[in-house]
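To start, the structure under review is shown below, and the notes come after it.
A short reminder: the numbers here are calculations on the coordinates, not readings from a lab. Every value quoted in this text rests on a predicted model; they were computed, and no experiment measured them. Every residue, glycine among them, receives a Cβ derived from its backbone with ideal geometry; neighbour counts consider all protein chains shown.
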Amino acid sequence: MSALTLARVLAQHFPQVRAHVRAGVTSAALDAAETSLGFPFPQEVRDTYQAADGQDAPLPGVLLGLTWLPLDEVVREHAAWLELAADDASLTSRPAGAVQPVTFSARWLPFASDGAGNGLAVDLDPGPAGKAGQIITYGPDERERLVLAPNLPAFFCWVAEQIGAGRVTVKGDDVRLGGQASFLDAARILF
């Protein structure tokens, strides 16, 4: 279970950050979220949220500085972005064609946020070169959408590896990966 692996690594290396991780949600809460959004979640997303329901406080963000959204915030974030969804041919992706050139897709499941409108989503509507379930960047500052991992468990395991390898520092509310002030800035270099 990737969320539990991440929680264990956080507890070992950054207990002050681990303290923000919430207990998991019920199957009924997941069913209600799926009904609200109008599509089923991949099993790995359900497993992740049953293991841990994001984090309580926005800072420090447990996902390398990004806030891991609780399920109710996932639904709200999705609804807010859906109102702004539009085609945008100026958007690109890496790898090329992996992510649809849209500001937001109805079948993206946001799960992490930087608090400024940018974040990470599970992409259930990939581009022709993508794969359903891939983890992508999105938001107004993310003109090139990056594929970060093939799925949510792989992303959580990667985060745990970065923490375990000592590539992450935490000072108060400041969480840095490789010295970068923002995970999304670091991702542009790493991916």
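Data overview
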{"quantity": "The chain, relative contact order in percent, only Cα pairs under 8 angstrom and at least six apart counted", "calculated": "20"}
{"quantity": "Enclosed volume per residue, in Å³, of the convex hull spanned by Cα atoms of the stretch 99-162", "calculated": "85"}
{"quantity": "Two-site label geometry, residue 143 and residue 27: point separation in nm, points 7 Å out along Cα→Cβ", "calculated": "4.7"}
{"quantity": "Over the chain: helical MRE at 222 nm, DSSP H runs n ≥ 4 each giving -39500 (n - 2.57), nearest 500", "calculated": "-10500 deg cm²/dmol"}
{"quantity": "Calculated FRET value between residue 19 and residue 190, using beta carbons and R₀ = 30 Å, to 0.05", "calculated": "0.65"}
{"quantity": "Sorted by Cβ neighbour density within 10 Å, fewest at the top, the residues 10, 109", "calculated": "10, 109"}
{"quantity": "Cβ crowding within 10 Å averaged over residues, with 60-73, 11-24, 176-189 ranked highest first", "calculated": "60-73, 176-189, 11-24"}
